[in-house]
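S.K.: My questions all concern the structure below.
Every number here is computed from the coordinates shown, using simple stated rules; none is lab data. For clarity, every value in this text was computed on a predicted model and none was experimentally measured. Methodologically, a virtual Cβ is constructed for each residue, glycine included, from the backbone with ideal geometry; neighbour enumeration extends over all protein chains shown.
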Amino acid sequence: SAPPRTSPTCAAWSRPRRRVRVTSSAAAGDRVPTRTRPHPRIRIAHLGLGAFHRAHQAWYTELVQRENPGDWGIESFTGRSPAQAEILAAQDGVFTLVVRAASGDTYERVESIARASDGNDTARWRARLADPDTAILSLTITEAGYRRGPDGTLNLADPDVAADIEVLRAAVSASNPARDQGGPDGRRAASAPGCVSAPGRIVDGLRARRDADAGPIAILSCDNLADNGAVTRAVVLDLATRVDPALAAWIRDNVSFVSSMVDRITPATTDADRREVAEHTGLADAAVIVTEPFAEWIIAGDFPAGRPAWEQAGVRFVDEIEPHERRKLWLLNAGHSMLAYAGLARGHRTVDAAFADPELAERLETLWSEAAEVLPQSEHEIDAARAALRERFSNPRIRHHLAQIALGGAHKLPPRIFDVVRARRAAGLGVGTSAIPIVEEWIAYLGQADTPDAESAPLGAGIEAGSLGVEDVLGILAPDLREVFGLQAIES
Ligand code: CS2
């Protein structure tokens, strides 16, 4: 098969890279992927061992390690799916990345994950964060994983957050010998379970780091949220303040919250993908990940304990992240959400099928034009991004399911859709024609879905089941827009 086309934003693609050996004779895999280099020293902790992490941060770090082996290994912890750790650990963290271009597939061995661990293993998690070698904690925990309420602050009504506050209070008192030495509370706390929510786990890990005097660290958010570093900082500091104000002060002095814009379309792996890898490489790889050729990563912030030379792999370091993340959220992600809700309603199943529907393609261009009017980037940059997206969305071999994108709408619509409306209002422009239909289609989708959207449940009763009207949903998720949406609905 032909190599993937070069993406202008990913310098790494223009350099020759080592690939998995392809054995044409093997009909089915009979050996697992193995390392070609010694285990790298672990310098990065990651939370959220999903497909996106492996196609993106792990792959970028892999490219750096190929040039400079030995350093910047990742210990990746599962967030919600502990089974992933077992599957990957059985292969010593090594897996095959299928890079799926419209013209064919290439296979890459990724061995930057030095260790795959169960996020529920509290002792391991604490030990990793308390290790002075650990310089970075990176996150792919999804938009919902930050546990923010409708007003954007830590959601205290979320039962997991409430439970974590108790767990953390117990851990703090257990780790404070001056207060609780040998006392019955301390013993109970030592055997207490760990946190469930990501903010809880992060605060718990930072507490262990502070107690071990392991020094400063960077927390690097890789989720699709505007200013994700500031979002992380806000929820972490809020939680830490509630359990131990001195810990919050330590975090302010020692933790750098780094923002990043991440991009690579990574659909869920299927059995057919695993079979294909077995046939083409002879590997029985249970941890195959499939992704597109395009990749982009832009980072803003400080790394007080150092970082990999990711720029060697095409990563851009900038002072201002906002224009880049808005471009990505308002064009790619907003487009995805529109295609998901409108596409599912029209009987489509994948992004390329929805994009091939002329009516939806036209709506997508309108959505992009309405966002472009308020995007803080040059016309040239916006046009280039739109052209790339047309090509990426029409890749028929990626088979990116709309149902996968449709999940978590209550967390996805605010940064993708509502922020555009706010920017348009601030610029003195009308709401535009794109936003309201998407909200309506999302609500209709929720009402017809087999199961309520569990991620939306903590935000407000009724959202998750689609039983509320547009006005009610806006009243919860974007009260400032209720009136402008209402006016627009009357005008149109
Ligand atoms: C998608 C994203 O599922 C979704 O909501 O819009 O996962 C998207 O594929 C990535 O952000 C692409 O970088």
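S.K.: With +1 on each Lys and Arg Cβ and -1 on each Asp and Glu Cβ, and nothing else charged, work out how big the dipole of the chain is about its Cα centre, in Debye to the nearest 20.
M.R.: On the way: 55 positive and 67 negative charges, 317 e Å.
It works out to roughly 1520 debye.
S.K.: Please tell me the relative contact order of the chain in percent, rounded to the nearest whole number, where contacts are Cα pairs under 8 Å and at least six residues apart. It would help to have the intermediate numbers written out before the result.
M.R.: On the way: 933 pairs, mean separation 82.9, N = 492.
Rounded, it is 17 percent for the chain.
S.K.: Follow-up. Compute the Cα gyration tensor for the range 273-384, then decide on rounded, prolate or oblate, letting a ≥ b ≥ c be the square roots of its eigenvalues: rounded whenever a/c is under 1.5, prolate when a/b is larger than b/c in the other cases, and oblate in all that remain. Write down the numbers at each step before the final one.
M.R.: Values: a/c = 2.71, a/b = 1.02, b/c = 2.64.
In terms of gyration-tensor shape, oblate.
S.K.: Here's something else I'd like to know. For the range 224-314, what are Rg and Dmax over the alpha carbons, in angstrom?
M.R.: For the range 224-314, the Cα-based Rg and Dmax read 19.3, 56 Å.
S.K.: When a/c is below 1.5 the answer is rounded, else prolate if a/b is larger than b/c, else oblate, so apply that to the chain with a ≥ b ≥ c taken from the square roots of the Cα gyration tensor eigenvalues.
M.R.: Details: a/c = 1.67, a/b = 1.09, b/c = 1.53.
Judged from the Cα gyration tensor, the chain comes out oblate (a/c at least 1.5, b/c at or above a/b).
S.K.: Thinking of the range 323-435 as a set of Cα atoms, what percent of all their pairs are more than 18 Å apart? Don't skip to the end; give the middle numbers.
M.R.: Details: 2971 of 6328 pairs.
Pairs farther apart than 18 Å: 47 percent.
S.K.: If the only charges are +1 at each Lys and Arg Cβ and -1 at each Asp and Glu Cβ, what is the size of the charge dipole of the range 331-376 around the Cα centre, to the nearest 20 debye? Walk me through the numbers on the way to the answer.
M.R.: On the way: 3 positive and 7 negative charges, 48 e Å.
Here the range 331-376 has a charge dipole of around 220 debye.
S.K.: Using just the helices of the chain, give the 222 nm mean residue ellipticity in deg cm²/dmol: DSSP H runs with n ≥ 4 each add -39,500 (n - 2.57), and the total is spread over all residues, rounded to 500.
M.R.: Result for the chain, helices only: -13000 deg cm²/dmol.
S.K.: In µm²/s, what is D for the range 300-363 at 25 °C and 0.890 mPa s, where D = kT/(6 pi eta Rh) by Stokes-Einstein and Rh is the Kirkwood radius from Cα pairs? Walk me through the numbers before you get to the answer.
M.R.: Numbers: Rh = 14.5 Å.
In µm²/s, the coefficient is 170.
S.K.: Sticking with this one: Looking at the range 84-141, what % of the alpha carbon pairs are farther apart than 16 Å? All intermediate terms of the calculation are to be shown ahead of the outcome.
M.R.: On the way: 976 of 1653 pairs.
That tail contains 59 percent of the Cα-Cα pairs.
S.K.: Right, something else. Over all distinct Cα pairs, what is the inverse of the mean 1/r for the range 387-481, reported as the Kirkwood hydrodynamic radius in Å?
M.R.: Details: mean 1/r = 0.0683 Å⁻¹.
Value: 14.6 Å, from the Cα pair sum.
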